[in-house]
Structure formats: C-alpha cells, structure tokens
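Remarks on the structure that follows.
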Amino acid sequence: MSTAERAAMVEAARGAIAARMGHLKPTIAIVLGSGLGPLADRVANPIRIGYGEIPGFHVPSVEGHRGELLIGRLAGQAVIVQSGRFHMYEGHSADVSALPVRAFAELGVEILIVTNAAGGINPEFGAGTIMLINDHLNLTGRTPLLGGALPGEERFPDMTVAYDLGLRKTARRIAEENDVPLREGVYAGLLGPSYETPAEVTMVGRAGADAVGMSTVVEVIAARARGMRCLGFSTVTNPAAGLSQESLSHVDVMAMAAQVGGRLGALVEGIVAATA
Ligand code: HPA
C-alpha cells in the first residue's frame, strides 16, 4: 500500500467514527484484550459502532473479541473502548492492526490504554497476575511505520519511555488505593498464533521479558509515533509454555482473563477517573 493509501485508510475510518460520535470528544481510548470484553459494560450509555460500519475495520475472527467500538462515559470521562482487536496472526498487516489507534489519534485521543492476555515468564507472575507494562520487546518482525511517515507521525519515534511514567505512577497509586495487587514488567509481543515453544520462552525470558503475548506492540509503536501517552496491562492467564505441566488452550486463557476482568476493570476505571 502506498503512503497515500495508508493515510486514506485512516481518514476513512476516522470519518465513519466521527459521524457516529455525537457531541462526545473522547481523549482516552481503551483497547480490550482477549476475554476482557466485560470491561466495556462499565461504559455508561455507550454509542455502539460495529466494526462492519467502519471502513478498514474487520469483524474479529477470534473468540473473546467482540468487534465493536463503544463511545461513552467511564467514570465521567468521555472514552472510546475498542472491544476486539485486529491481530496480525489473523492475516492483518501491522497497518491494519494499528488502524484503530491511528483513527483515535485523529479524533483527538491523547491517552491510549491497552490490555492483553499474556503468558507469565517471570516465575513470580502466576495466573491471575495483573502486570503493568513498563517496556516491551517487539518480536513480531512487523511495524506499522513502514513506508512514508503518515501525516502527524514521527519518522523515528523515540521509544525510550513508550509507557508513560506519569500514567504508570497513577496506575500504581490507584491499584494500591483499591487493594488491587499490581506487578510490573516487560511484555514480549510475538506474532503467534501458535503459543511459544519452551525454548522460545527461555529465550525471551533471558532477553528480559516477564510476560509474552501476541498483540499490543504495534499499536503502541503507532501511538508513540503520534505522541500519544500509553499505558498497558497484561493479564497473566497462564504460566508460559514449559513453565508448568499444563498444556495451553485459548479456552483456559479466556476463562482466566474473565476471572481477572473485574479487578482490571475497576483499576482502569479508577485510572480514567484520576486522569481528569
Ligand atoms: N503466550 C502467548 N500469548 C498468550 C499466552 C501465552 O502463553 N497466554 C495468553 N496469551
């Protein structure tokens, strides 16, 4: 795709969302990971936009991803909630994976909160742990920044502090106030969709990863290129491959994500309230 076509894809999505957005002007977007869909139920009186109504958006093929945007108020703040993402393992390019984030930026969103389900590599991060992402390893081999820089994007975005320090501080404070145990670590994003081999888990663990998953990194790269402030949470749904006797399954991942969803939802809502 040419740079002009990539920019046109963002503009078409922005226009379709703007046409449905009403008077709300969200400055925060929240991306929900596998099984975390119920977090969307916290949004008051949302406008719902099915992905079929937005050019360039695709109906998710993965269970646990709903496929709609919700625009409404969370803790009194105008937000966009992206319920269902476009994973590169579904055959999407990095540009398509990052399309919602780019459209949100064009709509005036300044803060991106991403959530995902992940396998735990740090032995202290058992199933059910909520991990505040403090950095990431992009091991997907993909980036949404290939080709000409899109309007409003940095050619060479600085990734030194990809996950905003101030938002991380707020997250720790809200977690403590609400007695939500919160750990902190590095998220490794791989392409998937096969889960990792034990050897791959050993490799990314030695490279510094505390958790591993199949999303998030290209969204955060696009967001940083636009100067958005990012905050990310992984729900550790299982010990990564080879670290327990269990084999991995998407059904178990979703079940554990659903169990933790309430706590993570409360945490995200508290952070949104504190970000007024
Ligand atoms: N690996 C990759 N992605 C995941 C995992 C995992 O173990 N668990 C949930 N998402």
Checklist entry - Mind checking which pairs have a first residue in region 193-219 that is more than 13 Å from Tyr89 (Cβ to Cβ) and a second that is part of a helix (DSSP H, G or I), Cβ under 7 Å, 6 or more apart or different chains? => result Val212/Val201; Val212/Val204; Glu219/Ser97; Glu219/Val101
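Looking at this structure, is Met131 out of contact with any helix residue (DSSP H, G or I) (no Cβ under 7 Å at 6 or more places or on another chain), within 22 Å of Arg224 (Cβ to Cβ) and modelled with pLDDT of 95 or more?
In short, yes.
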Checklist entry - If you take the residues of region 157-174 that are touching a helix residue (DSSP H, G or I) at 6+ places or on another chain (Cβ under 9 Å) and farther than 14 Å from Gly232 by Cβ, which of them is surrounded by the fewest Cβ atoms within 10 Å (Cβ to Cβ)? => result Asp158
Checklist entry - Which one is farthest from the ligand (Cβ to nearest atom) among residues in region 196-221 that are among the hydroxyl-bearing types (Ser, Thr, Tyr) and surrounded by fewer than 20 Cβ atoms within 10 Å (Cβ to Cβ)? => result Thr202
Checklist entry - Within region 238-259, can one find any residue that is under 30 Å from Glu110 (Cβ atoms) and of a type in the set (Val, Ile, Thr)? => result no
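Could you please find all residues in region 206-225 being part of a loop (DSSP other than H, G, I, E, B) and farther than 15 Å from Asn116 by Cβ?
If the condition is that a residue be part of a loop (DSSP other than H, G, I, E, B) and farther than 15 Å from Asn116 by Cβ, then Ala207, Gly208 are the ones that fit.
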Checklist entry - Out of Ile47, Ile121, which single residue is in contact with a strand residue (DSSP E or B) (Cβ under 9 Å, 6 or more places away or on another chain) and away from the ligand (no atom under 15 Å from the Cβ)? => result Ile47
Checklist outcome for this item: Within region 162-205, the count of residues that are assigned to a helix (DSSP H, G or I), under 20 Å from Leu267 (Cα atoms) and of a type in the set (A, V, I, L, M, F, W, C) comes to 5
Checklist entry - Limited to region 226-242, what total is found for residues that are in a loop (DSSP other than H, G, I, E, B) and more than 9 Å from the ligand (Cβ to nearest atom)? => result 4
Next on the checklist: I'd like the residue in region 222-255 that is surrounded by fewer than 24 Cβ atoms within 10 Å (Cβ to Cβ) and of a type in the set (Val, Ile, Thr) and, out of all such residues, is farthest from the chain's Cα centre (by Cα).
Outcome noted: Val251
Checklist outcome for this item: Residue set Gly265, Gly232; condition out of contact with any strand residue (DSSP E or B) (no Cβ under 8 Å at 6 or more places or on another chain) and within 15 Å of Ser34 (Cα to Cα); output residue Gly265
Checklist entry - How many of the residues in region 162-192 are within 16 Å of the ligand (Cβ to nearest atom) and in contact with a strand residue (DSSP E or B) (Cβ under 6 Å, 6 or more places away or on another chain)? => result 6
Next on the checklist: For region 128-148, check the following and say yes or no: at least one residue is more than 14 Å from the ligand (Cβ to nearest atom), surrounded by fewer than 16 Cβ atoms within 10 Å (Cβ to Cβ) and in a helix (DSSP H, G or I).
Outcome noted: no
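Given the criteria closer than 30 Å to Gln245 by Cβ and surrounded by 18 or more Cβ atoms within 10 Å (Cβ to Cβ), does Gly56 qualify?
no
How many of the residues in region 249-276 are part of a loop (DSSP other than H, G, I, E, B) and either more than 28 Å from Thr197 (Cβ to Cβ) or more than 14 Å from the ligand (Cβ to nearest atom) (or both)?
The qualifying residues number 2.
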Item to check | Failed item in (1) in contact with a helix residue (DSSP H, G or I) (Cβ under 8 Å, 6 or more places away or on another chain); (2) modelled with pLDDT of 95 or more; (3) not hydroxyl-bearing (Ser, Thr, Tyr), with Arg224 passing the rest | outcome: (1)
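The values are calculated or read from the model by the stated rules, or taken from the named source; none is laboratory data. The structure presented is a predicted model; accordingly, all values stated were derived computationally and were not measured. For neighbour counting, all protein chains shown are included, and Cβ atoms are generated from backbone atoms with ideal geometry for every residue, glycine included.
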